[in-house]
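Presented below is the structure to which this report refers.
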Amino acid sequence: MTGPVPTLGGPETAEDAAAPAPARARRFWSARRIPAALTALVLLGGSALLLYDVAAVRADRPGMEWRHSLADFLERHTLDDTAVTAGAAVLVAAGVLLLVLALTPGLRRLLPMRSLPGVRAGLTRKAASLVLRDRAMEVSGVQSARVAVGRKRVTVRAASHFRELDDVREDLDHVLAVGMAELGLAHAPRLHVRVTRPAGKR
């Protein structure tokens, strides 16, 4: 059994008319506590090591061996060397990756839901796929169904062992559209449905 198809239109009751407008839903940001802590520890250790070496040289003590080795390496190898170019490329790629991670929300598995001011809610992709799969299995003629939920697209692959495939696909489009509306996602992804016969049956 499927629920009624939601309709678009004005509020039906006075309570709905007085309800506040939904707030703009944004993606959830990952706290990234572990990467941030590891990066801070690495930078702290490197800064402390460099500061200690500089203080030792200022105090007329010999510098650390790693600095002499690095100076000798840079003296022998120029920017035209393959090793130097490769190392620079790796550092640049690592820097770009860190910038991308810092400027993107993360938590790609969590889909934001429509929310009211002061209230935020999210739904995991796995939970959404399970709900839609259960709805797909309610359609007459569907033997099995696989649902993949992304941020912008929902892909459904169903196998039907009887009924015309076009009829099953039409019913799936209707049932899954209602199911996606009931999920309450802030940004409803596009629906793509594919119906085939089970393997070995034509």
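Looking at the stretch 111-196, what % of the alpha carbon pairs are farther apart than 17 Å?
Values: 1579 of 3655 pairs.
Every Cα pair in the stretch 111-196 considered, those over 17 Å come to 43 percent.
Under 18 Å from a point placed 7 Å out from the Cα of Arg190 along the Cα-to-Cβ direction: which residues of the stretch 124-162 have their backbone N that close?
148-157
Note down the nm distance, to one decimal, between modelled labels 7 Å out along Cα→Cβ at Arg67 and at Leu51.
Reported label-point gap for Arg67 and Leu51 is 1.5 nm.
Compute log10 of I(q)/I(0) for the stretch 33-103 with the Debye formula, placing one identical point scatterer on every Cα and leaving out solvent, at q = 0.16, 0.19, 0.26 Å⁻¹, to two decimals.
-0.85, -1.00, -1.08
Quick one: if you stick a label point 7 Å off each Cα along the C-beta vector at Glu182 and Arg157, how many nm between them?
2.6
May I ask you to derive the FRET efficiency for Trp29 and Val90 from their Cβ-Cβ distance with R0 = 22 Å, giving the value to the nearest 0.05?
Details: r = 28 Å, r/R0 = 1.26.
Computed FRET efficiency for Trp29 and Val90 comes out at 0.20.
Quick note: the coordinates plus some simple rules give every number you see, no bench work behind them. None of the values given here were measured: they were computed from a predicted structure. Positions of Cβ are backbone-derived with ideal geometry, glycine not excepted, and every protein chain shown enters the neighbour counts.
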